[in-house]
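Encoded as structure tokens, the structure appears first; notes follow it.
The values are calculated or read from the model by the stated rules, or taken from the named source; none is laboratory data. Only a predicted model underlies this, so the values are computations on that prediction, with no experimental measurement involved. Methodologically, a virtual Cβ is constructed for each residue, glycine included, from the backbone with ideal geometry; neighbour enumeration extends over all protein chains shown.
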């Protein structure tokens, strides 16, 4: 069995943690902010432990893949853990979002940590591919977190107090 790889990025967002959690917990909204997710093809609304959702994802160039995620752990409004399939040659994919309120300017913002753990397949070739892909994953995590921040800012006060 190959070693587990981990890619993790953190960003401080100038939006409240409650709103970050609201969007994070909406399984149908990932294509709105996650880089590489073209569309969510099947979802169950608010994240629920044991339930699944499916996506169509961009891979390389015009190529796409279909993935299925299962919500494994929820600790609202702090942590969400999902496991996914459909990312060959990566196996045992785990996606973790950690949300923490932090001071930003005169108010509260959010420290968001976006982590993915997986086992690269294909032996030594897979490990080489993994080393080459990690910088791109890091950039896509940062792009996604900034897109999440922009989405929440664009929605403004219209969603305050709204649960989906």
Do you know which residues across region 30-41 are without any contact (Cβ under 8 Å) to a residue 24 or more places away in the chain and either more than 23 Å from residue 145 (Cβ to Cβ) or within 11 Å of the chain's Cα centre (by Cα) (or both)? 37
Could you please let me know if residue 104 is in contact with a strand residue (DSSP E or B) (Cβ under 8 Å, 6 or more places away or on another chain), crowded, with 17+ Cβ neighbours inside 10 Å and more than 16 Å from residue 4 (Cβ to Cβ)? no
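Could you identify the single residue in 35, 14, 26 that is over 23 Å from residue 130 (Cα atoms) and surrounded by 16 or more Cβ atoms within 10 Å (Cβ to Cβ)? Outline the logic, then answer.
Details: 35 fails: over 23 Å from residue 130 (Cα atoms); 14 fails: surrounded by 16 or more Cβ atoms within 10 Å (Cβ to Cβ).
When all the criteria are applied, what remains is 26.
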Unique match (being in a strand (DSSP E or B), under 22 Å from residue 59 (Cα atoms) and modelled with pLDDT of 95 or more) among 110, 94: 94
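Yes or no, residue by residue, for (1) modelled with pLDDT of 90 or more; (2) under 27 Å from residue 17 (Cβ atoms); (3) surrounded by 13 or more Cβ atoms within 10 Å (Cβ to Cβ):
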| position | (1), (2), (3) |
| --- | --- |
| 40 | yes, yes, yes |
| 54 | yes, no, yes |
| 58 | no, no, yes |
| 64 | no, no, yes |
| 68 | yes, no, yes |
Please go through region 79-90 and pick out each residue that is more than 12 Å from the chain's Cα centre (by Cα), closer than 21 Å to residue 49 by Cα and part of a strand (DSSP E or B). 85
Go through region 114-138 and report how many residues are surrounded by 16 or more Cβ atoms within 10 Å (Cβ to Cβ), at pLDDT 85 or above and not in a strand (DSSP E or B). 1
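Tally up the residues in region 52-77 that are in contact with a strand residue (DSSP E or B) (Cβ under 7 Å, 6 or more places away or on another chain), in a loop (DSSP other than H, G, I, E, B) and free of Cβ contacts under 8 Å to residues at least 24 places away in the same chain, please.
Here is the first cut: in region 52-77, the residues in contact with a strand residue (DSSP E or B) (Cβ under 7 Å, 6 or more places away or on another chain) are 52-59, 64-74, 77.
Next cut, in a loop (DSSP other than H, G, I, E, B) only: 59, 77.
Checking which are free of Cβ contacts under 8 Å to residues at least 24 places away in the same chain leaves us with 59.
Total satisfying the criteria: 1.
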Conditions (1) touching a residue at least 40 places away in the same chain (Cβ under 8 Å); (2) part of a loop (DSSP other than H, G, I, E, B); number of the one not met by residue 23: (2)
Within region 73-82, does at least one residue satisfy the condition of being exposed (fewer than 15 other Cβ atoms within 10 Å of the Cβ) and under 30 Å from residue 127 (Cβ atoms)? yes
